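For reference, the structure discussed in these notes is given below.
Coordinate-derived values only; no laboratory data. Only a predicted model underlies this, so the values are computations on that prediction, with no experimental measurement involved. Reconstructed Cβ throughout: ideal geometry from the backbone, glycine too, with neighbour counts over all protein chains shown.
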Amino acid sequence: MGKRTKTPKTRFEYKDAKSHKFWQIQSMGELINIRYGKVGTDGQLISKEAKTIDAAIAEVEKLIKSKLKKGYKKM
C-alpha cells in the first residue's frame, strides 16, 4: 500500500446552550480545506497550504485533537 496523500473529510459538531456549530477538515496533497459555521448553513471555507504532504497530514491531526479537546464530537 502506498503512502497517504490525503486525509478523509472529517466533520465535527459542537452543541451547548448558546450554539450549535460544525467544523470539517480534509487534506489533499499539501492543501488543507477547513469549513466551519453554524449547523444548517454552508459555513465558511478556509484553504491553507502546507510545505509537504506529511506536514499537511500532521497539521490536520493536530487541529482535530484541538477540536476534540474543546468538546467537538466526530459525526
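Compute the signed sum of charges (Lys and Arg +1, Asp and Glu -1) over the other residues within less than 12 Å, Cβ to Cβ, of His20.
Combined, the nearby Lys, Arg, Asp and Glu give +3.
Compute the projected area of the convex hull of the Cα atoms of the chain, averaged over all viewing directions, and report it in nm² to one decimal place.
Value for the chain: 5.3 nm².
For Leu45, what is the net charge nearby, where nearby means another residue's Cβ is under 13 Å from its Cβ and Lys, Arg count +1, Asp, Glu -1?
+2
Restricting attention to the stretch 31-63, which trypsin sites (Lys or Arg not before Pro) occupy a DSSP loop and are surrounded by at most 16 other Cβ atoms within 10 Å?
Lys51
Any chance you could give the angle, 0 to 90 degrees and rounded to 10, that helix 53-69 forms with the longest Cα principal axis of the chain?
Helix 53-69 and the main axis of the chain meet at about 20 degrees.
Quick one: length gained pulling Tyr14 to Lys51 fully straight, 0.36 nm per residue minus the C-alpha distance?
My answer for the length gained is 10.3 nm.
Residue by residue through the stretch 28-42, what is 3J(HN,Hα) from phi via Karplus (6.51 cos²θ - 1.76 cosθ + 1.60, θ = phi - 60°)? Round to whole Hz and write x for glycine and proline.
9, x, 8, 8, 10, 10, 10, 10, 8, x, 6, 4, x, 10, 6
Only Lys, Arg, Asp and Glu count, each charged at its Cβ (+1, +1, -1, -1), so figure out the dipole size of the chain about its Cα centre, rounded to 20 debye.
320 debye
Mind scanning Lys18/Lys51; Lys21/Lys62; Lys48/Lys70 and naming the pairs with a C-alpha gap bigger than 28 Å?
Lys18/Lys51
Calculate for the chain the 222 nm mean residue ellipticity that helices alone would give, adding -39,500 (n - 2.57) per DSSP H run of length 4 or more and normalising by residue count, nearest 500 deg cm²/dmol.
Helix-only estimate at 222 nm: -7500 deg cm²/dmol.
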